[in-house]
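Worksheet: one structure, shown below.
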Amino acid sequence: MASSSSLILQPLILPSTTPRAAFSRLVFLPRSLSPRLRAVSLSTIAMALRTKFPHVLTVAGSDSGGGAGIQADIKACGAMGVYCSSVITAVTAQNTVGVQGVHPVPEAFIEEQLNSVLSDMEVDVVKTGMLPSPGVIKVLCDSLKRFPVKALVVDPVMVSTSGDTLSSPSTLSGYRDDLFGMADIVTPNLKEASALLGGMQLQTVSDMSLAAKSIHKFGPKNVLVKGGDLSGSSDAVDVFFDGETCYELHGSRVQTRNTHGTGCTLASCIAAELSKGSPMLEAVKAAKAFVENALHYSKSIELGSGPQGPFDHLFRLKSPPYNVAPGLKFQPDDLFLYAVTDSGMNSKWGRSMTDAVEAVIKGGATIVQLREKHMETREFVETATACMEICRLHKIPLLINDRVDVALACNADGVHVGQSDMQARTVRALLGPGKIIGVSCKTIAQAEQAWMDGADYIGCGGVFPTSTKKDNTTIGLEGLKEVCLASKLPVVAIGGIGIGNANLVLGTGVKNLKGVAVVSALFDRESMEGETKKLRSVLERVLSNVSEGTVVL
Ligand SMILES: Nc1ncnc2c1ncn2[C@@H]1O[C@H](COP(=O)(O)OP(=O)(O)O)[C@@H](O)[C@H]1O
Ligand SMILES: Cc1ncc(COP(=O)(O)O)c(N)n1
Ligand SMILES: [Mg+2]
């Protein structure tokens, strides 16, 4: 091995935010390397270490009113933490009353803009908005063939919500025959879906499903028919079709006039999420949640005198939680051995909460939840802050039961809520996209709602009777299996589980079941570390038997 004196310490100028991050990016190279090789190695390492910033290119029209088009796209991508470049296809004179004029950009100049960005700037995802003529669609298709990107999101903008035409009807065949076949997703609203399908009437959610399936035949990988304008609907329902399954995505309808630009924003958010690496359906859900939240925060903004106002894409900047450092990223396997605290049991055994948390982590707990129903708020925040330090040290996520305020105050990794606590979608809006949210569910319908609300996992139970929740109805192993099979989220089983019966639970080997959550089995014991170790070894044994196909009962 080279001694340290034969190494040179060469700091590279790489993007880094903190002194610690900068230090970890210092590169050691042997002195014996020739200066040329050293230069080559350094540039290779620099390339490898470069932080790639997710990049969406929007190809769309400018909205002088700033609520839709290019302006909405740039703000939406910025809000989602993604870089956004723009190729402008037309300049519109537009306000809250409607569209007063459209000035198309010459096709050759659109091509020049596409060339400039795509040839140089490592675009991940292209999102299209207003493409005013068939010639523009052709120019775009040709550019995308020359410069392929990871994903293409096509929002087939045709008519503004105010009823003004933004692209000529002759673009319909360009979309259907050329662009859709290259698209990863197309996102027509009701009017656009109808126009694409020769005037098909779309009045119900089942009409939307039919439309999504028909549009899929034009060649895009996925279709989202947006129901913002579905009359008589108390929800905001969109229908997603991936070629196999149709999903109805229900959101709550925000009562506001400020819906100008919702479609542009939705498509840009999908593109932004895809550029960060999200799977398609997750990207669509995150985008829909963003639009709903943005509308909610902006529902009483007053700008302009017309019927449709813009909304505030950057509402999150006003919300302090977004300034806090992100927590640990959720991995479903974190649910394997989930320790839920109980300070009553700690005082019975004469130990502090921090000692208890440290002991279960040392014993092999993979995630910790502070569940304190009676602790005073100040003591709770102090305890949680101290526990956070321990959990950070061991890289174990710490969640707070119910108390979003306490989670924010100590910058916990997330919150676990029950059916009578704050709704998960509100928790998500308050905590932001980077935090972990779990929801207690007993039924398939609750599990579906948790998924829609943007939760990361569900806790399912009580599986067996338990002393920590006296009047809790138990669902048994059968109930657990039913919910697990239907759940789109990973599941942790809870309720009366311990060393004696954990094998019955995990041994079901049922889909989505990732682990067990325990309270008394760990905290109501003298040696918490020892008990956790025992439980962990039981779980590991069951897991290896399940993966070998042996049923353990
Ligand atoms: N009032 C509203 N409340 C909540 N979500 C809405 C509302 N209006 C539209 N949306 C959502 O905004 C997105 C864009 O839909 P839509 O308005 O139909 O598209 P477009 O703007 O292209 O006409 C969809 O996800 C839709 O469900
Ligand atoms: C330049 C431009 N592009 C797109 C739209 C559609 O707006 P919405 O998202 O409300 O359908 C618009 N009004 N103006
Ligand atoms: Mg709209």
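The values are calculated or read from the model by the stated rules, or taken from the named source; none is laboratory data. Keep in mind the model is a prediction, meaning the values are calculated, not measured. With ideal geometry, Cβ positions are generated from the backbone for all residues, glycine too; neighbour counts draw on all protein chains shown. Remember, those area values only see protein heavy atoms, side chains included, never the ligands or the DNA or RNA. Shrake-Rupley method; radii C 1.70, N 1.55, O 1.52, S 1.80 Å.
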Those residues of the range 78-95 which are at pLDDT 95 or above and within 16 Å of ligand 1 (Cβ to nearest atom) amount to THR92, GLN94
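Restricting to the range 449-468, give me the number of residues that are more than 12 Å from LEU513 (Cβ to Cβ) and buried (at least 17 other Cβ atoms within 10 Å of the Cβ).
Going through the range 449-468 one residue at a time, the tally reaches 12.
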Matching residues in the range 148-171 (closer than 18 Å to LEU197 by Cβ and within 16 Å of ligand 1 (Cβ to nearest atom)) number 8
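For the range 211-235, give me the residue count where each residue is among the small types (Gly, Ala, Ser), open to solvent by less than 20 Å² (accessible area, probe 1.4 Å) and either away from ligand 1 (no atom under 14 Å from the Cβ) or under 26 Å from the mean Cα position of the chain (by Cα) (or both). So that I can check it myself, show each step before the final result.
In the first step, residues of the range 211-235 are kept if they are among the small types (Gly, Ala, Ser); the result is 211-212, 214, 219, 227-228, 231-234.
Filter once more, so that each one left must be open to solvent by less than 20 Å² (accessible area, probe 1.4 Å): 211-212, 227.
Then keep just the ones that are either away from ligand 1 (no atom under 14 Å from the Cβ) or under 26 Å from the mean Cα position of the chain (by Cα) (or both); that gives 212, 227.
Residues meeting the conditions: 2.
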When GLU482 is run through (1) under 14 Å from the mean Cα position of the chain (by Cα); (2) at pLDDT 95 or above; (3) of a type in the set (Asp, Glu), the failure sits at (1)
Top-ranked residue in the range 191-206 [being open to solvent by 20 Å² or more (accessible area, probe 1.4 Å), assigned to a helix (DSSP H, G or I) and more than 11 Å from VAL239 (Cα to Cα); ranked as nearest to ligand 3 (Cβ to nearest atom)]: LYS191
Could you list, ordered by first residue, the pairs with Cβ atoms under 8 Å in which the first is in the range 395-413 and in a helix (DSSP H, G or I) and the second is of a type in the set (S, T, N, Q), at least 6 apart or interchain? ASP405/THR377; VAL406/THR377; ALA409/THR385; CYS410/THR385
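Would you mention how many residues in the range 158-190 are within 13 Å of ligand 2 (Cβ to nearest atom) and either under 25 Å from the mean Cα position of the chain (by Cα) or part of a strand (DSSP E or B) (or both)?
Restricting attention to the range 158-190, the residues satisfying the condition of being within 13 Å of ligand 2 (Cβ to nearest atom) are 158-167, 187-190.
Pick out the ones that are also either under 25 Å from the mean Cα position of the chain (by Cα) or part of a strand (DSSP E or B) (or both) and you get 159, 165, 187-189.
Residues in the range 158-190 being within 13 Å of ligand 2 (Cβ to nearest atom) and either under 25 Å from the mean Cα position of the chain (by Cα) or part of a strand (DSSP E or B) (or both): 5 in total.
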Out of all the residues in the range 487-498, is one or more closer than 21 Å to HIS250 by Cβ, of a type outside the set (S, T, N, Q) and either open to solvent by 30 Å² or more (accessible area, probe 1.4 Å) or part of a loop (DSSP other than H, G, I, E, B) (or both)? yes
Test: residue in the range 511-520 that is farther than 20 Å from VAL417 by Cα, surrounded by fewer than 18 Cβ atoms within 10 Å (Cβ to Cβ) and touching a residue at least 24 places away in the same chain (Cβ under 8 Å): yes
Index of the failed condition, ALA272 passing every other in (1) assigned to a helix (DSSP H, G or I); (2) within 13 Å of ligand 1 (Cβ to nearest atom); (3) under 25 Å from HIS55 (Cβ atoms): (2)
Go through (1) within 16 Å of ligand 1 (Cβ to nearest atom); (2) out of contact with any helix residue (DSSP H, G or I) (no Cβ under 6 Å at 6 or more places or on another chain) one by one and return the number of the condition LEU131 breaks. (2)
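Does THR165 satisfy the criteria of being farther than 22 Å from GLN113 by Cα and within 16 Å of ligand 3 (Cβ to nearest atom)?
Numbers: farther than 22 Å from GLN113 by Cα: yes; within 16 Å of ligand 3 (Cβ to nearest atom): yes.
It is true that THR165 is farther than 22 Å from GLN113 by Cα and within 16 Å of ligand 3 (Cβ to nearest atom).
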Failed criterion for GLY219 (all others in (1) part of a loop (DSSP other than H, G, I, E, B); (2) within 16 Å of ligand 3 (Cβ to nearest atom) hold): (2)
Suppose we filter the range 158-177 for residues that are open to solvent by less than 30 Å² (accessible area, probe 1.4 Å) and among the β-branched types (Val, Ile, Thr); how many remain? 1
If a residue must be near ligand 1 (Cβ under 8 Å from one of its atoms) and touching a strand residue (DSSP E or B) at 6+ places or on another chain (Cβ under 7 Å), how many such residues does the range 239-259 contain? 4
Please tell me if GLY174 is in contact (Cβ under 8 Å) with a residue 24 or more places away in the chain and touching a Lys or Arg at 6+ places or on another chain (Cβ under 9 Å). yes
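Could you tell me which of the residues LYS145, LYS75, LYS150 is within 13 Å of SER268 (Cβ to Cβ) and within 32 Å of the chain's Cα centre (by Cα)? Give the derivation first.
On the way: LYS145 fails: within 13 Å of SER268 (Cβ to Cβ); LYS150 fails: within 13 Å of SER268 (Cβ to Cβ).
Exactly one residue qualifies, and that residue is LYS75.
Evaluate the following for GLY363: is it farther than 30 Å from SER298 by Cβ, at pLDDT 85 or above, open to solvent by 40 Å² or more (accessible area, probe 1.4 Å) and not charged (D, E, K, R)? Full working, then the answer.
Working: farther than 30 Å from SER298 by Cβ: yes; at pLDDT 85 or above: yes; open to solvent by 40 Å² or more (accessible area, probe 1.4 Å): no; not charged (D, E, K, R): yes.
So GLY363 fails the test.
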Count - residues of the range 222-239 that are out of contact with any His (no Cβ under 9 Å at 6 or more places or on another chain) and either more than 13 Å from ligand 3 (Cβ to nearest atom) or not in a loop (DSSP other than H, G, I, E, B) (or both): 8
Among the residues of the range 499-510, the number that are surrounded by fewer than 20 Cβ atoms within 10 Å (Cβ to Cβ), under 12 Å from ARG536 (Cα atoms) and aliphatic (A, V, I, L, M) is 1
For the range 279-290, check the following and say yes or no: at least one residue is over 24 Å from SER214 (Cβ atoms), within 9 Å of ligand 1 (Cβ to nearest atom) and in contact with a strand residue (DSSP E or B) (Cβ under 9 Å, 6 or more places away or on another chain). no
Could you please let me know if ALA108 is among the aliphatic types (A, V, I, L, M), away from ligand 3 (no atom under 16 Å from the Cβ), open to solvent by 40 Å² or more (accessible area, probe 1.4 Å) and at negative phi? yes
